[in-house]
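> Take this structure first; my questions come after.
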Amino acid sequence: MIKVALRGLLGRKLRSALSAMAIVLGVAMISGTYVLTDTINGSFNSLYKEIYKGTDAYVAARTPLKANQNAQSPSIPESLLAQVRAVKDVRVADGGVTSFPVSIIGKNGKVIANGGAPNLGFSVNPKISVFNSLTLVSGSWPSPNQVVIDQGSAKKGGFKAGDMIGILGAGPEQKMRLSGIVKFGTSNGILGSTLAGFDLETAQKVFDKVGKFDFIQAAAKPGVSPAKLAQELQAALPASVTVKTGQAEAAKQTSDTSASISIIRDFLLAFAAIALFVGIFVIVNSLSITIAQRMREFATLRTLGASRAQVLGSIVGESLIVGVIASVIGLLLGFGLARFLMWVFGRAGLELPANAMVILPRTIWVSLIVGVVVTLIASVRPALRATRVPPIAAVREGATLPPSRFHRFRTVGSLILVALGFLALLDGLFAKGLTTKQILFTIGAGALFIFIGVALVSARFVKPLSRFVSPIGVVAVVALSVLVWPISILIWAIKHAAGNATEFPSVAPDKIMNKLALRNAIRGRERTASTAAALMIGLALVTLVSVFASSLTTSFKGAVDSIFTGDYAVTAANGFTPIPVSAAKAAAKAPGVEAIASVRVGEALVYKKTAQVSAVDGNASQLFKLTWVQGSQQTLDTLGSTGVLVSDSFAKSHHLKLHSPVGIVTPDGRPLSLEVAGIYKPPTGGSPLADVTISAKRFDSAFQNPLNEFTLIKMKGGQTAANTKALGRSLAKFPNAKAQTKQQFVDAYISVINQALTILYVLLAFSLVISFFGIINTLVLTVFERTRELGMLRAIGTTRRQARRMIRHEAVITALIGGALGIVLGMVFGALLVERIKNLSFSAPDRLPYINFVLAGYPLVFFAVAAVIVGIIAAIFPARRAAKLNILEALQYE
Amino acid sequence: MSTGATKKLVSKTAAPDGIAVHAVDLCRIYGEGDTAVNALCGVSLDVPNGHLTAVMGPSGSGKSTLMHILAGLDKPTTGTVEIAGTEITNLSDSELTRLRRKHVGFIFQFFNLLPMLTAEENIVLPLEVGGRDIDKDWLDEITGKVGLANRRKHRPSELSGGEQQRVAIARALVLRPTVMFADEPTGNLDSRTSGEILQLLEEMVKDYGQTTVMVTHDARAASIADRVLFLADGAIERELPRSEPGAVLAAMNELSR
Ligand SMILES: Nc1ncnc2c1ncn2[C@@H]1O[C@H](COP(=O)(O)OP(=O)(O)OP(=O)(O)O)[C@@H](O)[C@H]1O
Ligand SMILES: [Mg+2]
């Protein structure tokens, strides 16, 4: 039977290859994701090992907060170093500081940065080489008020040792001499981070950490194990610090990094899963069609004595072969994809520390198993149908596949499936007390049910749907043809001149061909529906993203308009890194400033959970207009050292009233006792404040190295060119801070959101490509199947162009059905998601903006047009096949 | 003897008036070298307007090949064909398509109706494909003539084989083509239905003067023709004027001997 299967495959190379495409792409996403994330992980692993290779014990502040990449851990007093050195097993010990952002200013006055990678600063002590993981590439180690920077930044900024260079730490920009250029161990770059190294005292000054260390490293005397040293140190030092072995610290840092990388990995794998899900539709569909076409063959096999099991075996065998081959190709393609992405990262300056690809055995077996299993799952239903072909079909002309036993229940069944899907979706979105995993799982299962259900039930409605979209398709195609008409005419002219007489390009719709296409789409309703369904899934998700984006940006804009009463905002030039507090102080000195207020954000333990705490300073009441439940605008300015402002939802979930006590623990473990001074309602569209807000004064005394998220300014005369200039001048020493008008501030934020969303679109594009191949595949199979009809049509006077148009219109109808269903589903999903986010409570990990459902029309029109274009392009190849058919052979085709 | 017989059938020069199809010295060779098959060789003939010409011969004698070449669906290796005065062997695909739209109708053995269209939609398909207006009276007339007046809205799957072939005949006729080709139009029907279809074809020729070329294996079918050509090994071996089935059968038997 395997032999028969193999023969069958070879006989249908094109068809098999087209459906295998779905598996190839999905598996490539899986293996590419694994290789990429494993490689990044591996690089960081070896990087941290290298950094801590000489460190036996590592001393740092103890913090009650959960580890967070973005929050700096608190510092420890310098005096601890002497205590460490006093421990008898310590051979050598040294303290250091580190900070970010510490920016290098390029010759153009702008911060040198690579994408969103951090700008790191640290102290260097070349004298104690066991702790120094830097290597000097050129120049010398830094003396006081000198700096060394990494190779990548030096190259980007065009700097060489001896140059004067601007450094921006906790204060205004400082000019320093560049003493040398360094690299980290053997690697050229750490995912685009820029590095600035100083001698200890300079570093402490630049980072505003005078008298403090962030860590102390110690090496043991010979014969003393790191664990023993760590124990001894812990015993000798106060409880406000923890001591770990160097290895443990390296492992902790690695696991911190890999925790965030595994989030990225799971995120990417989710998109691979979507792509494979779409792939299943494509494969089920093409297998069903091929099996229907090969009914005679199966019936003949049955008359020759083949059992049902053997027929089943031959089809499943075929799928197995396709699955294995496609998975292997996908696996290799994934390696290539990972390599390509690393190259892209490298080009964008985000170079990986090491460049060797990490291919774990897990990558190989997961990719292969998933690919093969998905193919097998897809083949089950069509294969079972094939077993129901009765032997008599061998001799009967035009026999059809017997309907499945469950056929009668199909519509009801699929409607139930849709209903269950929505129930799961609603449950996942709105039920209380679910873990993130449960939420994602329930939502995922719900979406799965909905997609499958809609796909099944839509077969029932292909007729009205086709009739509905067909005229839209005609109009769209005419419009598009008119657009490309000049090009068509040019091509025609060139062909004509070359003596290749083709018909003059016309844009008028061909009524009869469109009608035939419509009837064909309705005739093959099952395949039209499932081909459309594949596209529907991708488009639904794309629409969801777009709806989410428009809701987010519009709501944000509304919020800014309603809440910010200032004229200008000062933010980081890149829109998201915090800026030194001193920048606001400098801006305050600009002529014409009437009121200025900044918002700081930090992390603290709030009701035993790590959460964000914000702070306001200055004339906040004149710049933020809040909706008050308790308190008034005045409250903003009078928080003092004990007052705390809470959002109404936070107050509700913790049963807080005016003057209720609120407990917060700072990162270094100090409790702050506060009481509620005001309760406000955050605006839809995003609150500038966290759920808990204190005065900046209190914040600065409780949190180390405070930074501003943004600063709002009210100017005499409002937004004028002169005011803009004055603010710009006052910030000259802060190259990473930018004074923007309210409008620019909104635009900058929106463009950050849009950039993030672009990534989602790119990832969803994989699913769309798979469904695109699905359309091609269905059309190719359809052309095979209708060969005789095409022959007849050509014989009675159909031109080649007409034949092409007929196929094309069928593709456009299919694509538009997928588009219509997808866009509608996407809007529903979007509305639900927005509704859910609107009701986010305090437990949310991030300050997700409170948003309103907003439907932006033009992206949806764009998606519909895109669907038409997908249809047109997918039809090119099958339509050419149809047009090129030899009439005689076609008429004799069985 | 074959050359003598063919000579009479054709005027060597351009097609005279009253000739729908004019073919000279047709040869069709399939394949190349050792495996080459001479499907048709040295065939010349004229198909007069208003005549029903039947082509008979043993299986593999080249009947279909000849018909396809006459209809412009296939090109002869050598020789020329004119339809309605137009030399067609050098035409491009689109020119041929245009010619077929105007001058050629087809009836196939397997009906070849489009299953998603109604009987009437199938009938008017050639007009629509060619972008021509539907002559309502003519449509009514032929649908009546083929006996489908009250089956117009039915799908092919709801029609019997004979009825389907009636639709096909109406579809070929709707254009009023210069010539209509039928390859074994009764090959897929039982004998009673065949009789009805043949009668219909005969009426078409008689009543509307529809020039028709019909390939058939059936002596009874050939007997309705104004002329029967006998093909053997790719050449016209014999010609009979209108004859009884018995005579046709005798000629066939003689040929295969
Ligand atoms: N595409 C082809 N390639 C090679 N040989 C062919 C091809 N088509 C036909 N032939 C050969 O040409 C000869 C004539 O075939 P044709 O189909 O014209 O016969 P026919 O008289 O119509 O036969 P039948 O009565 O069986 O339909 C046969 O020997 C056949 O094998
Ligand atoms: Mg034949």
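The values are calculated or read from the model by the stated rules, or taken from the named source; none is laboratory data. All values reported here derive from a predicted model rather than from experimental measurement. Heads up, the Cβs are rebuilt from the backbone with ideal geometry, glycines too, and the neighbour counts pull from every protein chain shown. Areas reflect the complete protein model, heavy atoms only, side chains present, ligands, DNA and RNA absent. Shrake-Rupley method; radii C 1.70, N 1.55, O 1.52, S 1.80 Å.
> Could you give the accessible area per residue of segment A:211-352, probe 1.4 Å, as a whole number in Å²? List each step's numbers first, then the result.
Values: 6150 Å² over 142 residues.
About 43 Å² of surface per residue is accessible.
> So in segment A:578-735, what percent of DSSP beta bridges are antiparallel if you round to the nearest 5?
In segment A:578-735, approximately 75 percent of DSSP beta bridges are antiparallel ones.
> Next question. Check the straight Cα-Cα distances from residue A:156 and name the aspartates and glutamates below 18 Å, setting aside those fewer than 8 residues away within the same chain.
Straight-line reach from residue A:156, under 18 Å: A:351.
> For the B and A pair, go ahead and give the buried accessible area with a 1.4 Å probe, both sides summed, in Å² to 100. Intermediate values should be presented prior to the final figure.
Details: alone 11690 and 39820 Å², together 49260 Å².
Answer for the B-A pair: about 2300 Å² buried.
> Follow-up. Is the shape of segment A:55-257 best called rounded, prolate or oblate, per the rule: a/c under 1.5 gives rounded, else a/b larger than b/c gives prolate, else oblate, with a ≥ b ≥ c the square roots of the Cα gyration tensor eigenvalues?
prolate
> With a cut-off of 8 Å between alpha carbons and a minimum separation of six or more residues, what is the relative contact order of segment A:578-735 in percent?
Computed value for segment A:578-735: 36 percent relative contact order.
> A further question follows. Any chance you could give the angle, 0 to 90 degrees and rounded to 10, that helix A:2-11 forms with the longest Cα principal axis of chain A?
Tilt relative to chain A: about 90 degrees.
> Report the Cα centroid-to-centroid distance between segment B:54-110 and segment A:543-588 in angstrom, as an integer.
Comparing the Cα centres of segment B:54-110 and segment A:543-588, I get a distance of 75 Å.
> For segment A:775-796, state which residues have at least 30 Å² less accessible area in the presence of all protein chains than in their chain by itself, taking the probe as 1.4 Å and leaving out ligands, DNA and RNA.
So the qualifying set is A:788, A:789, A:792, A:794, A:795, A:796.
> Then there's this: Cα gyration tensor of chain A, axes a ≥ b ≥ c as square roots of the eigenvalues: rounded (a/c below 1.5), prolate (a/b > b/c) or oblate?
prolate
> Can you list the residues in segment B:120-157 whose accessible area drops by at least 50 Å² when all protein chains are present, compared with the chain alone? Use a 1.4 Å probe, heavy atoms only.
B:128, B:129
> Turning to a different aspect of this structure: What fraction of the DSSP beta bridges in chain A is antiparallel, stated in percent and rounded to the nearest 5? Working shown, then result.
Working: 73 of 92 bridges.
So the antiparallel bridges in chain A amount to around 80 percent.
> Sticking with this structure for a sec: Tally up the carbon and sulfur contribution to the accessible surface of the protein assembly as shown as a whole percent, 1.4 Å probe, everything protein left in place. All intermediate terms of the calculation are to be shown ahead of the outcome.
Values: 29840 of 49260 Å².
Solvent-exposed carbon and sulfur of the protein assembly as shown make up 61 percent of the total.
> In whole Å, how far is the Cα centre of segment A:769-827 from that of segment A:433-467?
So the separation of the two Cα centres works out to 25 Å.
> Write out the trypsin sites (Lys or Arg not before Pro) in segment A:546-605 meeting two conditions: DSSP loop, and at most 16 other Cβ atoms within 10 Å of their Cβ.
Here the trypsin sites (Lys or Arg not before Pro) that fit, given the DSSP loop and packing criteria, are A:589.
> Going through segment B:16-103, which GluC sites (Glu not before Pro) have at most 12 other Cβ atoms within 10 Å and a DSSP loop state?
Answer in residue order: B:32.
> Using only Cα atoms, find the angle between the long axis of helix A:525-563 and the longest principal axis of chain A, and express it within 0 to 90 degrees, rounded to the nearest 10.
Helix A:525-563 and the main axis of chain A meet at about 30 degrees.
> Something else: Between helix A:721-730 and chain A, what is the angle of the helix's C-alpha long axis to the longest principal axis, kept within 0 to 90° and rounded to the nearest 10?
It works out to around 60 degrees.
> Could you tell me the center-to-center distance, by alpha carbons, between segment B:120-174 and segment A:470-510 in angstrom?
32
> Let me ask another. Rounded if a/c is under 1.5, else prolate if a/b beats b/c, else oblate: with a ≥ b ≥ c from the C-alpha gyration tensor eigenvalues square-rooted, which is segment B:130-194?
Oblate shape, in that a/c is at least 1.5 and b/c is the bigger or equal ratio.
> For residue B:145, give me every one of the lysines with a C-alpha distance below 17 angstrom, ignoring sequence neighbours fewer than eight places off in its own chain.
Those lysines meeting the cut-off are B:136, B:153, B:206.
> Using alpha-carbon pairs under 8 Å, 6+ residues apart, how would you state the relative contact order of segment A:159-282 in percent?
Taking the mean separation of contacting Cα pairs over the length of segment A:159-282, I get 13 percent.
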